[in-house]
Amino acid sequence: MAAVSLVSVSTVKPLGDRVFIKVNAAEEKTAGGLYLPDNAQEKPQVGEVVAVGDGKYKDDGNRVAMDVKVGDKVLYSKYAGTDIKLGTDEYILLSEKDILAVVS
């Protein structure tokens, strides 16, 4: 995971069809109430969109609008994107095609 100390969330502007997502915290307990050690916790696949790019260009030069917007809760592919840590919070930068659904 890339740890960045000179950058804040407000200064990150994804390019093209990329999306910057704040990752939800991993589950620390099982449904039965047992606590999981760090190495047994699964990587979360749900997060909140913090920033979006302008969209990618089509072959004719027009830009394709993004399907997600800031504030949307999304479900994304398990091994997609680049993990980034800003301070104590974890984020992921990924392409819009790696977003599977908007969660309401």
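Just checking, does the stretch 26-42 include any residue being assigned to a strand (DSSP E or B), modelled with pLDDT of 80 or more and of a type in the set (D, E, K, R)?
No: zero hits.
Could you please give the count of residues in the stretch 81-104 that are under 11 Å from the mean Cα position of the chain (by Cα) and either of a type outside the set (D, E) or surrounded by 15 or more Cβ atoms within 10 Å (Cβ to Cβ) (or both)?
So the count comes out to 12.
Can you list residue pairs whose Cβ atoms sit under 8 Å apart, with the first residue in the stretch 66-77 being more than 8 Å from V103 (Cα to Cα) and touching a residue at least 40 places away in the same chain (Cβ under 8 Å) and the second being assigned to a loop (DSSP other than H, G, I, E, B) and of a type outside the set (G, A, S)? Count only pairs 6 or more apart in sequence or on different chains.
Partner pairs satisfying both residue conditions: M66/D17; M66/D54; Y76/Q45.
As an exercise: evaluate Y57 against (1) surrounded by 12 or more Cβ atoms within 10 Å (Cβ to Cβ); (2) under 21 Å from S10 (Cα atoms); (3) out of contact with any helix residue (DSSP H, G or I) (no Cβ under 9 Å at 6 or more places or on another chain) and give the number of the one condition it does not meet.
Failing condition for Y57: (2).
Given (1) modelled with pLDDT under 75; (2) in contact with a strand residue (DSSP E or B) (Cβ under 9 Å, 6 or more places away or on another chain), where does K22 come up short, assuming only one miss?
With (1) modelled with pLDDT under 75; (2) in contact with a strand residue (DSSP E or B) (Cβ under 9 Å, 6 or more places away or on another chain) applied to K22, the lone miss is (1).
Give me the pairs: first residue in the stretch 1-26 and of a type in the set (F, W, Y), second residue at pLDDT 90 or above and assigned to a loop (DSSP other than H, G, I, E, B), beta-carbon distance under 7 Å, and six or more apart or on different chains, which are they?
Taking only residues 6 or more apart or on different chains, the pairs are F20/P14.
Evaluate the stretch 64-80: report whether one residue or more is in contact with a strand residue (DSSP E or B) (Cβ under 6 Å, 6 or more places away or on another chain), at pLDDT below 85 and surrounded by 12 or more Cβ atoms within 10 Å (Cβ to Cβ).
So the first thing to find is which residues in the stretch 64-80 are in contact with a strand residue (DSSP E or B) (Cβ under 6 Å, 6 or more places away or on another chain), and the list is 66, 68, 70, 72-76, 80.
Filter once more, so that each one left must be at pLDDT below 85: none.
Scanning the stretch 64-80 turns up no residue that is in contact with a strand residue (DSSP E or B) (Cβ under 6 Å, 6 or more places away or on another chain), at pLDDT below 85 and surrounded by 12 or more Cβ atoms within 10 Å (Cβ to Cβ).
The values are calculated or read from the model by the stated rules, or taken from the named source; none is laboratory data. Note that the structure is a prediction, hence the values are computed from the model and not measured. Cβ: placed from backbone, ideal geometry, glycine included. Neighbour counts: every protein chain shown.
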